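Reviewing the structure listed below.
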Amino acid sequence: MSKENKTKKKLFKRRPKEKKLNRSMAGNTLLFVIMFICGVFMALPLVMIINNALKPLDEIYQFPPKIFVRNPTLENFSDLFVLMNSSWVPFSRYILNTIIITGGGMVGHVLCASLAAYPLAKHSFPGKNILFGMVVLSMMFSWTVTQIPQYLIISWLHINNTYAALILPACSFGMGLYLMKQFMEQLPDSLMESARLDGATEWRVFWSIVMPNVKPAWLTLAIFQFQQMWGSLFLRNEELKPLQYALQQITAGGTARAGAAAAVTFIIAAVPIIFFLICQSNVLETMTTSGMKD
């Protein structure tokens, strides 16, 4: 036997055996049942929102309450449409305000978080750990705690009662910077080093190498930020307020508007869900560099 064959034989013997997962049929069935029960409990609020939006008033106030609608109707949405048209601010204005606030907040937050996370993840400089520790520490405070400091800063900048009063605070959300930094750290340094050897600048490396490879991260971040901006209420002028504020004002009309209130709840829940479903394929996409090693 040649030396080459002997070497291959030794390497084959040293190779560890692959472990096989042994699951019984009973174990798989139990796991499926547990996951099914958890899925039902998680989907129950959404099912109730959909059914309440289709219930007439007599079924909404029925006791004990029923989960599923018996006589579905679209009168709740028609009543909501009539109430929105009777407002002195056009309904299209609320939609435009929502697009400006949510769009500006999402784009600004993703850009600021990505630009700040890149040097923290792929560069070394004095005070790097201290800065990142401050970011992590800021995540310990709830949004209500920072409302007064935010209002003082916004007043000092003289941007009260403007779109910027909602968009600028959204750009400094610490969770986004933390998420982007963790994703960028998974990228192999060899990708950026090879681009620099080819003459690419740091700006080109960031836009052409880093951002496309962390696409699932910034799309996930955009979804989280959209859900927060969708409910932002920090304006005085009625012409500048988002759609959700107008919808919530309609629900304050008492029991007579219970049907319209159910339709409002459905719309407020449906918009973030639809946005998530549109981006779902990209959010769940496996990173292209997950199998690469330095």
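Observations on the model:
- Among the residues of the stretch 30-81, those identified as aromatic (Phe, Trp, Tyr) and over 20 Å from Arg257 (Cβ atoms) are Phe32, Phe36, Phe41, Phe68.
- Selected residue (only one of Tyr178, Tyr163, Tyr151 is hydroxyl-bearing (Ser, Thr, Tyr), within 24 Å of Asn129 (Cβ to Cβ), surrounded by 13 or more Cβ atoms within 10 Å (Cβ to Cβ) and at pLDDT 80 or above): Tyr178
- Restricting attention to the stretch 78-87, the residues being open to solvent by 30 Å² or more (accessible area, probe 1.4 Å), touching a residue at least 24 places away in the same chain (Cβ under 8 Å) and either out of contact with any Gly (no Cβ under 9 Å at 6 or more places or on another chain) or not in a helix (DSSP H, G or I) (or both) number 1.
- Test for Ser92: is it without any contact (Cβ under 8 Å) to a residue 24 or more places away in the chain, within 25 Å of Phe226 (Cα to Cα) and in a loop (DSSP other than H, G, I, E, B): no
- Residue pairs whose Cβ atoms lie under 7 Å apart, sitting 6 or more positions apart in sequence or on different chains, and linking a residue in the stretch 195-219 that is within 10 Å of Met184 (Cβ to Cβ) to a partner that is surrounded by fewer than 18 Cβ atoms within 10 Å (Cβ to Cβ) and among the aliphatic types (A, V, I, L, M), are Asn213/Met287.
- Only residues that are open to solvent by 40 Å² or more (accessible area, probe 1.4 Å), among the β-branched types (Val, Ile, Thr) and not in a loop (DSSP other than H, G, I, E, B) were counted in the stretch 103-148, giving 4.
The values are calculated or read from the model by the stated rules, or taken from the named source; none is laboratory data. Every value quoted in this text rests on a predicted model; they were computed, and no experiment measured them. Note: ideal-geometry Cβ built from the backbone for every residue, glycine included; neighbour counts use all protein chains shown. Surface accessibility is based on the protein's heavy atoms, side chains included, excluding ligands, DNA and RNA. Shrake-Rupley method; radii C 1.70, N 1.55, O 1.52, S 1.80 Å.
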